[in-house]
Amino acid sequence: MLALLSSAARHARRRPGGALLAILGVALGVAVVLGIDLANAASLRAMELSVERAAGRATHSVVGSPDVDERLLRTLRADLGLRAAAPVVERDVALSPAESTAAPAPDEVLRLLGLDPFCEAPFRPYLASAESGFAVDLDRFLASPDAVLLGAETARRLGVEVGARLDLRLGAERRSVELIGVLEPRDGFDAELLRGLMLCDIATAQELTGSLGRLTRIDLVLDDGPAGEAQRAQVEALLGPGERIESTGARVGTLARLTRGFRLNLQALSLLALVVGGFLVFNALSFAVVERREELGLLRTLGATRAQVSVAILIETGLLAGVGVVLGLVLGTALGAGLVHLVLRTINDLYFSLEVGASTLAPGSLGKAAVLGLVTSMVAVLAPLREALRIEPHRALQRSSLEQRAQSRARLGLVLGAVLLILGAAVIAAAGRSIQISYAGLFAGLVGAALIAPRATDLLLGLAEGPLARLLGGTGRMAARGARRSLSRTSVAVAALSVALAASLGVAVLVTSFRATVVTWLDSALVGDVFVTSPSLTATRTTGSIDPSLVERLERTPGIVGTQTFRGRVLQTSVGRVQVIGVGIDRARFERYLFAEGSAAIWDDFAAGRACVVTEPLAFHHGLSLGDEFEIESPGGALTLPIGAVTRDYASDSGVVVVHLELLNGLLEDERLSSFTFEVAQDASVDAVIAGLRERLAPDEDLQIRSNRSLRAETLRVFDRTFAVTSVLRALTLVVALVGVFSALSALGLDARRELATLRAVGMTPGQLWRTLSTQHALLGAAAGLYAIPLGYALAWCMVAVINRQAFGWTLLDLEPAYGAVATAVVGSVVVAVLAGAWPARRVSRSSVVEALRDE
């Protein structure tokens, strides 16, 4: 055993590159898995803290559609005797940089929380001090109509002190408030709860948000067990139209479900990087066995048993994997700190505003990444281990036996690969709505494609032999045949590169197709020349409140010839809380919708308030179809409408319901708006109209006024930011694969040094040898790139037609060819292979012929 371990140590000292590349493969795979896991964990933690900082110890909340009448609070206390009941007004607000004393960043978002300090003891203990109960002077907190509090860490980050005035942006209005105190946290957890929180009295919050007499919710602490169920039933009996009681835990689950598809896609890409890293480990260990086959054969001759060989190789693998895992955990921690900001930015763009501090190291995430790295390494070593055990002493020197086994493995891989491809397709077809099962089928198909890669590469190289012979003469023929003979040493690296290129190409086709679809959708959705909205803290939702009299005033701006109005509110429906959009549009605008089911023929029923339109994601996630009854709850009671059409919409993956504006205003019992568009006369300048609109706004009126062109550009910028994390993961996966190619080509040159020295001995010049090797490397790279093309398109189709649909509910209009990505995959693969093989080719071409042949 000591002899075997000494042999491994000597080999590592002689060939440190192979061991380092194996370690790097494990490290990169582990780092990507850990980084994504930490980023996802941080986003989930941010959701939990978002609910915790607002709900505290509440077990349940009474919510409304869209809000709750504050008189219900008195009813709950008087009729049911519920003392643990607290009113809450909650709103995301932005600090305005224009007038603020501290001039914070334009995108500084805070959570405004209006509370009754006399009710807070059972709910939010982080607001209390040990000496005096509530942590600030109550007289000033209650008496000042514009008094607010901040956590100490938030105040320091914003650079504000007690007495400073802060200008807030709430929808279309600006409001000035005074910071009368800061809350010092008692521990680190309280500090997290106070992060990004602005507190004020309940009456102040109602005044600031324009919701007098209304509450966002009423928090409750109900008993456990049957007593709590009885209390819940009593509360439900007192609720009015549109009001319901829900558990606090369900709110975290709702937020997590909204981002589930996005987070699953990131996890799948990170696991793909780990799989490619596993190929790299397999590749490095296979070379170690190939290079040491003579030494292992000699040790077997001297009495080493198969069991001893197995233990030695497993120990060697464990040491390499252990070092790689430790390095990967360090790299993954740093990667997670960077990725968490990209992930949270995407969530803030698409879903809701979140804030979280520095990412924390979760033992579960560290353990998961470490175990996956070790298991992947041990699985990757099984084939090289089997190869080592099959080495017979009397055949250890015969290269032909190795090539014969390689051909046999390639044939077996072809059969197994075909089986896995068929199995993967069957699993995807049977997955239904389960994205996890679809990903399992997708990975099975990728493994199958990797097993087929050696035979596919051999076929491509065989087809290239004739043209290369005519083009380059003997050098071309030798390069093609040499590349085919080297597949026993390079097939795994070629397979890994093919899979990584296919994944990159597939994602590129998906993103390109998605972007083209969004552009087409924008052409139908953005009808109008000037768009006016109340500022929103997310890029895909506008639910602000604008007085209709403001629209009438702005309509008088010269150059405006038409107006269309919109309103958005989140209401309770038969499928949960959903954003309901009221549209005040004409028939021509309605006919421009991209209908997935139904058509604009329902316009008369829609305009009369007898039908609604649901978006494709909502229909998919909740199994809705044409003719189904859809119920919307409101203060005026519940309304049931048939679904008249399903329309495509790429602004929300949770879906929205579209009704006529007059119907929504009737349900909400007012006529407020969220946004509106103006059509500009053909002989008028859009920029001049925008300038005129801004001149008509009062100083305290805050509206976003943008042209069609700028809104389209902003939408596409948000789209590109959304896929920033995906681009990072694609790049990391390719880095892992390229490391494998470098490892394979380096070892190829070293392993074939005697064969190449023989060619030098019979007259081949160093330049001819270098050109032959470079051509051989280019052929291997081209084969990997060409094989990746059909695999990448198949992967793209699967993601577009199946996984994208399951994750987000969207169907894309067309699958774009993405020729640029295809050319980049093939050309990049060739260039990388040539560059990776340049150093070993140069080294071999200049090596000593006598020394290389000394042992022959």
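A few remarks follow.
- Top-ranked residue in the range 71-114 [being of a type in the set (D, E, K, R) and either crowded, with 18+ Cβ neighbours inside 10 Å or closer than 18 Å to Ala164 by Cα (or both); ranked as modelled with the highest pLDDT]: Arg91
- Residue in the range 235-244 that is modelled with pLDDT under 85, closer than 30 Å to Ala143 by Cα and surrounded by fewer than 20 Cβ atoms within 10 Å (Cβ to Cβ) present: no
- Residues in the range 189-224 that are at positive phi and surrounded by fewer than 20 Cβ atoms within 10 Å (Cβ to Cβ): 2 in all.
- One residue from Leu759, Leu779 being more than 24 Å from Ala731 (Cβ to Cβ), modelled with pLDDT under 80 and assigned to a helix (DSSP H, G or I): Leu759
- For the residues Leu641, Leu693, Leu667, Leu697, the requirement of being in the same structural domain as Arg592 (by TED's automatic domain parsing) and buried (at least 22 other Cβ atoms within 10 Å of the Cβ) singles out Leu667.
- Matching residues in the range 615-653 - criterion: being in a loop (DSSP other than H, G, I, E, B) and not acidic (Asp, Glu): Gly623, Leu624, Ser625, Leu626, Gly627, Pro635, Gly636, Arg648, Tyr650, Ala651, Ser652
- Any chance Leu5 is over 30 Å from Ile313 (Cβ atoms), at pLDDT below 75 and assigned to a helix (DSSP H, G or I): no
- Residues that are out of contact with any helix residue (DSSP H, G or I) (no Cβ under 7 Å at 6 or more places or on another chain) and at pLDDT below 85, drawn from the range 789-803: Ala801
- Of everything in the range 56-91 that is hydroxyl-bearing (Ser, Thr, Tyr) and outside any loop (DSSP other than H, G, I, E, B), the residue that is nearest to Pro122 (Cα to Cα) is Ser61.
The values are calculated or read from the model by the stated rules, or taken from the named source; none is laboratory data. Since the model is a prediction, treat every value here as computed from it, not as a measurement. Neighbour counts run over all protein chains shown; Cβ positions are idealised from the backbone, glycine included.
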